[in-house]
Amino acid sequence: MKFCAKIDDGQYMREFQNIVLTLSKLTKECVIIIKKDKVHFIANEESGAAAPLVWVEIDAKLYFTNYIMEGHSDENGSTIMLAVSPIHFSRALSSFKLNARNCKFKLIHLQFPCLRTETEVLSQSSGEPRQIVHDVPVTLIPRNEWDYYDLPQIPRAKLIVKVRSNNLLRGLIDKLKNISPTLIFAANSLGDLNLVAKNEMATLTTCFKNLEVRNLDDESQQGEDIKVECSVDSKKTSLFFTALQVPTSELSCGIDDDRLIHMEINIRGGVSVHSILPSVCV
C-alpha cells in the first residue's frame, strides 16, 4: 500500500486546509477514501444525532501536481481507506499560513500508520526554505470493513435552486434555530425559496426571490410550476453552515418533498462539499 501527493499552488493549499478545518468542526473522526483519480472525505458521527452527513469530493489532478497511490483492488479500482482525526490533521496543516511554498503528503508506518505532511516554508528572517514535518496518526480500514463506509451518493431532488448570498443564509439560519427546532425549506420552479420557522407565538418566513433553478428531477415537468417543501432539524442545518470555512459563493439546494435536502457547495470545478439533511416530522 502506497500513497504520496504534492500540492504546489498556494491557493489550493489554503482551500485544502479550509476543507479539513470545516470537517474538524463537524466530527471527531472522518474517513478518507483515496482512489486513482479522486480523494473523498466523509464526516458523520456514529449516532447521527449531533451532526449532518457531510462529504467532500476532490479531483486529484486539480489539487495535486504529483499523485501516486497503490491500494487494494476491487470492482471500482484501486482504493485506500483510512480514518483520521480532522482536528489533528488541520493542526498539521496550520503551517500553510507561514508563507508555505508546497506541501507533500505520504502514508508511512512508524510504530503505527501515519499520514506525514512535509510543508516547505520560507523563513521570515533569512528567506531560506525550511521543512515543517507532522506525522498524523491514522487507522487503516481493512478491506472487509469497507462496506460500512460507502461513499454517499448524490440523491435525486425534485427541485434544485441556487442561492447566491450564502453568508446571508448562514446568519439567518443561525438566528432561526433559536426560534424553532425545525426549519421548513419551501421552493418552487419560479425561483422562490422560503425559510419558515414556527413556534407557539409566531411564524417567521424569509423569502428569497428570482433564484436560479438549476435543473429538475423530471425533465418532463420543466415549464410547470412545481412546488416542494421539506422540514429539517434547525440545529443540524445551522451546524453545517457555521462549520463552513471554504469559499461559498455558489450553493445549490436540492429539495425532495418530505424526504431530504441536499446541499452542494462548489469551491471550484472538481472540488465540492456536500451535505444531506434528512426530513423530520413537524
Suppose the filter is open to solvent by less than 10 Å² (accessible area, probe 1.4 Å) and outside the structural domain of Tyr63 (by the TED database); does Thr242 pass it?
no
State which residue pairs qualify: first residue over 19 Å from Ile141 (Cβ atoms) and inside the range 36-55, second residue open to solvent by 10 Å² or more (accessible area, probe 1.4 Å) and modelled with pLDDT under 90 in any location, beta carbons under 6 Å apart, and separation of 6 or more residues or different chains.
Ala51/Glu45
Exactly one of (1) open to solvent by 10 Å² or more (accessible area, probe 1.4 Å); (2) at pLDDT below 95 is unmet by Ile184. Its number?
(2)
Taking the criterion of being over 20 Å from Asp37 (Cα atoms), assigned to a strand (DSSP E or B) and open to solvent by 50 Å² or more (accessible area, probe 1.4 Å), would at least one residue in the range 106-116 satisfy it?
yes
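The values are calculated or read from the model by the stated rules, or taken from the named source; none is laboratory data. Model, not experiment: these values are computed from the prediction. A quick note on method: Cβ atoms are made from the backbone with ideal geometry, for glycine too, and the neighbour counts reach across all protein chains shown. These area figures cover heavy atoms from the full protein model, side chains too; ligands, DNA and RNA do not enter into them. Shrake-Rupley method; radii C 1.70, N 1.55, O 1.52, S 1.80 Å.
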